[in-house]
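Bear in mind these aren't lab numbers, they're just calculated from the coordinates by the rules spelled out. Quantities reported herein were computed from a predicted structural model and do not represent experimental measurements. Every residue, glycine among them, receives a Cβ derived from its backbone with ideal geometry; neighbour counts consider all protein chains shown.
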Amino acid sequence: MKPTTRGTLATVLTCLATAAGTAATPAAAVGTVPVPLPLDGVENALDVALPRVGGELPLPAPGAVEGPRYVEGRLLPDQTVPRLPLGAGLPGLGLSAPLPEILGGDADHVGLDAPASDLRTLGPGLALDAPLTAPDPGNFGLPAPKLPQAGVITPVLQAVPGANLGTGQGR
């Protein structure tokens, strides 16, 4: 095979790989994945109106880790083991169920819509300090002993979930 043919083949394969990578990006860019619950077969087999159920599952996305911060007078940096941020969401739910004619009027279905909501988390971290001080010029440049310090940085969990419940016509 000639070198020009190899170069052309390599260029075509690179273009195909790039096109396949960009084709997969929109699916990964979506924050949630819909998950329907197929009950149509059961509804047709039993000749009964069943609820419509569907959900949304969030895709977790790791965030940027905040690196350790150096503090004057300490040998080890602050947040020796940094907290890992993870952004995702709480799962969503959509439900529509037939309602008997007990309410009267036009309402023949009850629905619940709980959309997926954002969730922000930070994992636990660890702050440590060595049992020695920084080098002391008054002590010939030698560090002095001190009590070691250790602390656990608590995890963070933030979310604002919501839901809507209502009655109405149709599915």
Item to check | Computed lengthening from residue 45 to residue 132, 0.36 nm per intervening residue step minus Cα-Cα distance | outcome: 23.7 nm
Item to check | Residues in region 86-101 reached by a label modelled at residue 118 [backbone nitrogen below 18 Å; 7 Å Cα→Cβ] | outcome: 86-92
Checklist entry - Once label points are set 7 Å from the Cα along Cα→Cβ at both residue 154 and residue 81, what is their separation, rounded to one decimal in nm? => result 1.8 nm
Item to check | Nitroxide proxy distance, nm - points 7 Å out along Cα→Cβ at residue 99 and residue 32 | outcome: 2.2 nm
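Provide the FRET efficiency to the nearest 0.05 for the residue 66-residue 140 pair, computing r from the beta carbons and using R0 = 30 Å. Please report the intermediate quantities before stating the final value.
On the way: r = 37 Å, r/R0 = 1.23.
Computed FRET efficiency for residue 66 and residue 140: 0.20.
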